[in-house]
Every structure is written in C-alpha cells, then in structure tokens.
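Here is the structure we will look at, set down as structure tokens.
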Amino acid sequence: MRPYSKFAVVSVMIAAAFPAFAQGTGSSTMAVEQPWARATPAGAKTGAVYMTLDNKSGTADRPTGVSSDVADKLQIHEMKVENGVMKMREIAGGLSIPASGSVVLKPGSYHVMLIGLKKPLTVGEKFPLTLTFEKAGNISVTVPVQAMGATQDKGGMGKMDKMEMK
Ligand SMILES: [Cu+2]
C-alpha cells in the first residue's frame, strides 16, 4: 500500500467522525444546544422543554414552529409577572434570536410549552422534537427527560400546571 492512500482513508474517517463532537444539532447558521425536558407527574397535560438557540449567522432568525409526537401542540412561551401574578403566554411575533447571538430557554423564563401531553415524561426517556426557523429551516433534536426538580430557578415552572395561560 502506498503511504498516501493510507492518509486518504484516515482523513475520510476523521471527517465522518467530526459531527459527533458538535455540542448540539443544527444547520450551518443555527445550533440547538443542550435540549432537555423536565419530567412530569402522572396526569399532567403540559410539560416544558428547554434549550439554547445559538444563531451563528449575521441575520436575526426566529422559530416559526415547533413539533413533537409527545404533545398535541407546542408553543414557545415567555413568562411575565403581571399584577403580582406569574403568567405565561406565546411570544407575540415569535422569539427573535439576534444575529451572532443566543437565547437560553430555561426554567422560569422562555420555554417550549408542550400542550396536550400524550403521556407523562419520565426520567431517562428521550423524544424527538423539530424546530422550524424562518431562515435556518428545520432542525431536529433528541430531548432527554431530566428529574422533575431539575432547575436553576426554584420559583418558576414547577407550578406550571396551575399557572394562567392566555
Ligand atoms: Cu408555558
């Protein structure tokens, strides 16, 4: 075997292995990083998914839709305190991800709301979810389910089922 053919094989293997090192899933302009969902109690009809949306392009982008088999409907929500009551609602005009910037969806803040959950989300399971961006197109990720208490914010989303939705 001539030495250069060996090198050619090695380069192909490195190229094939490279995507495995990426932090998240995405297109060339948008990355969906560290998606996770919180486990839900039996009978819960709603759940929430969190992630970081990292826009690597020079143009602002926004998700125009989210879909998954685990729920009837998915919306991106924001939370706001109004008259002392924490409320959440779909973001008017969508969640804008600034050019070369990122937005973190996390407990107590922005989240993907799972509405009409088909079955409880249990710790350790994973489910597919697809985000559609205005410019970056469709990006599918696998969402692992973490413990119910998993949060950096003890206040917010734990009582989500009892919160007012508009
Ligand atoms: Cu919500």
Q | Tensor-based shape of the range 24-111 (alpha-carbon gyration tensor, a/c under 1.5 rounded, otherwise prolate or oblate) | A | oblate
Q.
How far apart, in nanometres, would the label points at Ala42 and Met148 be if each is projected 7 angstrom from Cα along the Cα-to-Cβ direction?
A. 1.1
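Apply 1/(1 + (r/R0)^6) to the Cβ-Cβ distance of Ser67 and Glu33, taking R0 = 22 Å, and write down the FRET efficiency to the nearest 0.05. Could the numbers behind the result be given before it?
On the way: r = 19 Å, r/R0 = 0.87.
Approximately 0.70, to the nearest 0.05.
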Q | Inter-site label distance for Ile115 and Thr59 at 7 Å from Cα along Cβ, in nm | A | 2.9
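Give the order of Leu105, Leu95, Leu53 when sorted by the count of other beta carbons within 10 angstrom, beginning with the fewest. Please report the intermediate quantities before stating the final value.
On the way: Leu105 22, Leu95 17, Leu53 27.
Final ranking by Cβ density, sparse to dense: Leu95, Leu105, Leu53.
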Q) For the range 64-148, what class follows from the C-alpha gyration tensor (a ≥ b ≥ c being the square roots of its eigenvalues): rounded when a/c is under 1.5, otherwise prolate if a/b is larger than b/c, else oblate? A) oblate
Q. In nm, to one decimal, how far is the Glu78 label point from the Asn138 one, both placed 7 Å along Cα→Cβ?
A. 2.9
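Bear in mind these aren't lab numbers, they're just calculated from the coordinates by the rules spelled out. Bear in mind that the values here come from a model prediction, so they are computed numbers and not experimental data. Positions of Cβ are backbone-derived with ideal geometry, glycine not excepted, and every protein chain shown enters the neighbour counts.
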